[in-house]
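**Student:** Got a structure for you, questions after.
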Amino acid sequence: ANGYYHSWWTKCIHSSRDFSDMVYIDNYIFNKDVYIQFNSTVGEYVGYTALGVYNAERFNKDPNILQQERAQVERYCKHNAELYQ
């Protein structure tokens, strides 16, 4: 109870049947506060704390990381949504 809490979650959100509005969100959380997030609508990482800003700047400078995250809409979200539908 007195320790630290770290979690990570990804989420796919859509409201259209053809998945044209699909959004991929990748959150990193420390002590229940999101400190860095990738949102496919924004297309890059956004930091919300000093550590998050530092890492967002570092990740956003790496085209390989950004390419992998941006591809998650098609590879992860739409693929799984089609299976569930």
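The values are calculated or read from the model by the stated rules, or taken from the named source; none is laboratory data. From a predicted model like this one, the values you see are computed outputs, not experimental measurements. Neighbour counts run over all protein chains shown; Cβ positions are idealised from the backbone, glycine included.
**Student:** Go through (1) among the basic types (K, R); (2) under 13 Å from the mean Cα position of the chain (by Cα); (3) not in a strand (DSSP E or B) and name the single condition K11 misses.
**Tutor:** For K11, the failing item is (3).
**Student:** Does any residue in the stretch 69-85 that is polar (S, T, N, Q) come within less than 9 Å, Cβ to Cβ, of a residue that is loosely packed, with under 15 Cβ neighbours inside 10 Å six or more places away or on a different chain, and which pairs are these?
**Tutor:** So the pair list comes out as Q72/T10; Q85/R17.
**Student:** Determine whether the stretch 13-33 contains at least one residue that is modelled with pLDDT of 95 or more and surrounded by fewer than 10 Cβ atoms within 10 Å (Cβ to Cβ).
**Tutor:** Checking the stretch 13-33: not a single residue is modelled with pLDDT of 95 or more and surrounded by fewer than 10 Cβ atoms within 10 Å (Cβ to Cβ).
**Student:** Say whether the condition of being loosely packed, with under 15 Cβ neighbours inside 10 Å, touching a Ser or Thr at 6+ places or on another chain (Cβ under 9 Å) and part of a loop (DSSP other than H, G, I, E, B) is met by at least one residue in the stretch 55-69. Lay out the reasoning, then the answer.
**Tutor:** Kept after step one, since they are loosely packed, with under 15 Cβ neighbours inside 10 Å, are these residues of the stretch 55-69: 57-58, 61-64, 67-68.
Now restrict to residues that are touching a Ser or Thr at 6+ places or on another chain (Cβ under 9 Å): none.
Checked the stretch 55-69: no residue is loosely packed, with under 15 Cβ neighbours inside 10 Å, touching a Ser or Thr at 6+ places or on another chain (Cβ under 9 Å) and part of a loop (DSSP other than H, G, I, E, B).
**Student:** Which residues, taken from the stretch 43-70, are closer than 19 Å to S7 by Cα and aliphatic (A, V, I, L, M)?
**Tutor:** Taking the stretch 43-70 as the starting set, the residues that turn out to be closer than 19 Å to S7 by Cα are 45-56, 59, 69.
Within the stretch 43-70, V46, A50, L51, V53, A56 qualify.
**Student:** Can you give me the number of residues within the stretch 27-46 that are in a loop (DSSP other than H, G, I, E, B) and closer than 21 Å to H14 by Cβ? Break it down stepwise before answering.
**Tutor:** Taking the stretch 27-46 and keeping what is in a loop (DSSP other than H, G, I, E, B), we get 31-32, 40-43.
Those left that are additionally closer than 21 Å to H14 by Cβ: 40-43.
Going through the stretch 27-46 one residue at a time, the tally reaches 4.
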